[in-house]
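What follows is a single structure, written as structure tokens, with notes after it.
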Amino acid sequence: MPLAKFESMLKRTMGLDIQSIGRPMLERALQERQGSCGVANLDAYWLLLQMSEPEQLQLIESVIVPETWFFRNREAFQEMAQLQQRWPRLISASQPLRILSLPCSTGEEPYSIAMALLDAGVPPSHFQIDAIDISPQSLHVARQAVYGKNSFRGDYLSFRDRYFALNEQGYALSETVRQQVRFAQSNLFAADLLAGQAPYDIIFCRNLLIYFDRTTQHQAVTILLRRLAPEGLVFVGPAESALMMLHELTPIKAPMAFAFRQGAPKQEIARTLPPTVAYVPLALAPAPRTTTARSTPARTRTANGNPAMLPPQASLATAQLLADQGKLSEAAAVCEQFIRQHGASAAAYYLTGVIHDAADRKQAAAECYRKALYLEPNHTDAMTHLAALLQTMGDYAGAKLLQQRARRSAENNPS
């Protein structure tokens, strides 16, 4: 049996664009589930799948590969901890701040949100977090709230001493944090998603939209915005920020936070919080600044110190991973090495621009985005990122032209 039926089922139930994970992964998942169910072939498994909702969830579990840890992209939590002080309702517990984490995976993200707000001095009664995921297995782990070492990465781990206790199973989260999060099974495209619930002041939906095709991405953003309160904030993943610029959202000027405000005035993004307002929890304190760029990671060099010839995907993937970890100097160095080794490419210049953008190097970022567009004139992500950058620099006319151009490009290339 061809895979088309399975692909359609996964897209219908969870919005998955199979090209985002690759057909080989789907084939492996189908073989695994067929063997576990003891059916003779894929035709028999397809019939079983139609009759069993639990088996549909098992197949979804097999194609989902959750990759998360506490305070992943810590800049997002830092920005949230700063901006939360703008909500007057935090003064009273009568209308607690409403926050949504979707998908919440195994719980690291919503629990990180709770810890960040508690560290910022927000009383537990003044905020509530709803956490939703399609995976029963992931939700089981989240509710248990006991984590292994893989959930703790990076150099900012002081929160572990404050909120976790080590036992035989791993690091057990304190009840103070656990009680702030309510978990539920659903997915973004469920007809009854959050039925009857009030809008959310903050939505975290990070690294989900990348698994959808272009049409489904826009449907997903529309659903999110319906759930977002006026002036509310939505946080997305690094690769998803360009998509948000195609909607009625304004980017928040916060390197590596990838945050957008609904209905904010244009000049909002040009402001920064005054020093007396900005509160950075101890667990989220920024790394010390250095005056010189650090060297490229050792794994990108050979034993004699010469640059190693890495495949294009591995080199740019390494740069993306370093940027994801906040190591912007190293990420920029890897991109520059890639360009020296493999020549100019739109993908390399675009990623370099994103990294410079995150480090608040505006002119360098703009130059890289323009180089990407020179090499690939219809590079929608480069257009939208450059538009956002021009807007922060006060060039509203230039930003508007680029946004219009990006919309036309997206309409002409819907996939």
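Scanning the stretch 347-359 for residues that are more than 14 Å from Leu322 (Cα to Cα) and open to solvent by 10 Å² or more (accessible area, probe 1.4 Å) returns Ala347, Tyr349, Tyr350, Asp357.
The number of residues in the stretch 62-73 that are surrounded by fewer than 19 Cβ atoms within 10 Å (Cβ to Cβ), closer than 20 Å to Asp17 by Cβ and at pLDDT 75 or above comes to 1.
Here the condition is being part of a helix (DSSP H, G or I) and either more than 20 Å from Leu246 (Cα to Cα) or aromatic (Phe, Trp, Tyr) (or both); of Arg153, Arg162, it holds for Arg162 alone. Of all residues in the stretch 194-211, those satisfying the criterion of being out of contact with any Lys or Arg (no Cβ under 7 Å at 6 or more places or on another chain) and open to solvent by 10 Å² or more (accessible area, probe 1.4 Å) are Ala195, Gly196, Gln197, Arg206, Asn207, Leu208, Ile210, Tyr211. Could you tell me whether Ala283 is crowded, with 16+ Cβ neighbours inside 10 Å, part of a helix (DSSP H, G or I) and at pLDDT below 50? For Ala283, the condition - crowded, with 16+ Cβ neighbours inside 10 Å, part of a helix (DSSP H, G or I) and at pLDDT below 50 - is met.
Could you tell me whether Arg226 is touching an Asp or Glu at 6+ places or on another chain (Cβ under 7 Å), farther than 16 Å from Phe71 by Cα and surrounded by fewer than 16 Cβ atoms within 10 Å (Cβ to Cβ)? Here the answer is no, as Arg226 does not meet what is asked.
Looking across the stretch 100-151, not a single residue is without any contact (Cβ under 8 Å) to a residue 12 or more places away in the chain and open to solvent by less than 30 Å² (accessible area, probe 1.4 Å).
The values are calculated or read from the model by the stated rules, or taken from the named source; none is laboratory data. Just so you know, these numbers come straight off a predicted model, no measurement behind them. Cβ coordinates were reconstructed from backbone atoms using ideal geometry, including for glycine residues, and neighbour counts include every protein chain displayed. For accessibility, only protein heavy atoms count, side chains too; no ligands or nucleic acids. Shrake-Rupley method; radii C 1.70, N 1.55, O 1.52, S 1.80 Å.
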